[in-house]
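Undergrad: The structure is given below, and queries will be raised subsequently.
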Amino acid sequence: FENKRTDSSVLRRVRLIQRSSGGSGTFSPRRLSIPLEVGVLKSGQSSTVLLGLEFAEKSDKDKVFLAKLEVKSDRGTNAVEIRPPLAETILPLRMKRSEFVAAASRLQGTTQRTVSSFALKAAGSKSVQQIHATLPAVVVKSANLYPIDNNNLSWKSDNSCDFSGKLPASTTPVFVTINADPGSGTGSVVVLCDNLMTANSLADYLKKSVQG
């Protein structure tokens, strides 16, 4: 919670309330762990709280999980919706390098391979090279994927890094390769999966994640 009011007023009794369940085609949480009420937030002040969501269902579709909440205070109510992306519900798949190469080689058809290009840009005091160095860690923070080569979050000599996972409902394997040039910052996200809709969704999500 953060008090961003422009009139410098204080917010009191800031709390989360669960709203009605999701609409058609979505799954609502089976269980919520609602944080305790924050008594007072002065102007510009913030408070970090932890919200727990547990869904009973499994799905290979993106953004079908929906939690509807309200943020209440003495100043009013604001509606909030939380939709966990598929990338966060994917299950990590532990693999050796040889297993990854063999499995990925069998998923090179036009309906199995999705490529999304990106370009890194310097941000603040960070150069393109510095941002490039952190990308493998950014991927595993953004998506529940397993980094090939025993959790080695670093680039290979060809400036690529590989990850594996499986879809939560069907357990269909998903393979991801990130390529990026540390000099120019140009690169691509390659997603291999028998589920093309999932591959497209994951490639778009990872592209946005690595570009910041």
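The values are calculated or read from the model by the stated rules, or taken from the named source; none is laboratory data. What you see is a predicted model; the values in this text were computed from it and never measured. Neighbour counts are summed over all protein chains in view; Cβ atoms, including those assigned to glycine, are modelled from backbone coordinates with ideal geometry. The area values use the complete protein model at the heavy-atom level, side chains included, leaving out ligands, DNA and RNA. Shrake-Rupley method; radii C 1.70, N 1.55, O 1.52, S 1.80 Å.
Undergrad: Considering segment 9-22 alone, what residues qualify as being closer than 12 Å to residue 72 by Cα and either part of a loop (DSSP other than H, G, I, E, B) or open to solvent by 40 Å² or more (accessible area, probe 1.4 Å) (or both)?
TA: Matches in segment 9-22: 12, 13, 15, 17, 18, 19.
Undergrad: Still on this model: Is it the case that some residue within segment 50-59 is over 18 Å from residue 166 (Cα atoms), among the aliphatic types (A, V, I, L, M), modelled with pLDDT of 90 or more and in contact with a strand residue (DSSP E or B) (Cβ under 6 Å, 6 or more places away or on another chain)?
TA: Yes: segment 50-59 contains one or more residues that are over 18 Å from residue 166 (Cα atoms), among the aliphatic types (A, V, I, L, M), modelled with pLDDT of 90 or more and in contact with a strand residue (DSSP E or B) (Cβ under 6 Å, 6 or more places away or on another chain).
Undergrad: Could you please find all residues in segment 142-161 being open to solvent by less than 10 Å² (accessible area, probe 1.4 Å), part of a strand (DSSP E or B) and touching a residue at least 24 places away in the same chain (Cβ under 8 Å)?
TA: 161
Undergrad: How many residues are open to solvent by less than 50 Å² (accessible area, probe 1.4 Å) and either under 20 Å from residue 62 (Cβ atoms) or aromatic (Phe, Trp, Tyr) (or both) if we restrict to segment 162-176?
TA: Final tally of qualifying residues: 9.
Undergrad: Go over the candidates 110, 89, 48 one by one and state the one that is β-branched (Val, Ile, Thr), under 28 Å from residue 193 (Cα atoms) and open to solvent by 80 Å² or more (accessible area, probe 1.4 Å).
TA: After ruling out the rest, the residue left standing is 110.
Undergrad: Select from segment 115-141 the residues that are among the hydroxyl-bearing types (Ser, Thr, Tyr) and at pLDDT 95 or above and write down the one among them that is surrounded by the most Cβ atoms within 10 Å (Cβ to Cβ).
TA: This residue is 116.
Undergrad: Another question, if that's okay. Across segment 177-208, which residue is surrounded by the fewest Cβ atoms within 10 Å (Cβ to Cβ) among those that are under 19 Å from residue 109 (Cα atoms) and among the hydroxyl-bearing types (Ser, Thr, Tyr)?
TA: So the residue we want is 188.
Undergrad: Okay, next question. Only residues in segment 192-212 that are farther than 18 Å from residue 182 by Cα and part of a helix (DSSP H, G or I) count as the first member; pair them with residues that are open to solvent by 60 Å² or more (accessible area, probe 1.4 Å) and among the aliphatic types (A, V, I, L, M), Cβ under 9 angstrom, at least 6 apart or cross-chain, and list the lot.
TA: Going by the 9 Å Cβ cut-off, the qualifying pairs are 203/115.
Undergrad: Do we have any residue at all in segment 105-121 that's touching a His at 6+ places or on another chain (Cβ under 9 Å) and part of a loop (DSSP other than H, G, I, E, B)?
TA: Yes, there is a match, as at least one residue in segment 105-121 is touching a His at 6+ places or on another chain (Cβ under 9 Å) and part of a loop (DSSP other than H, G, I, E, B).
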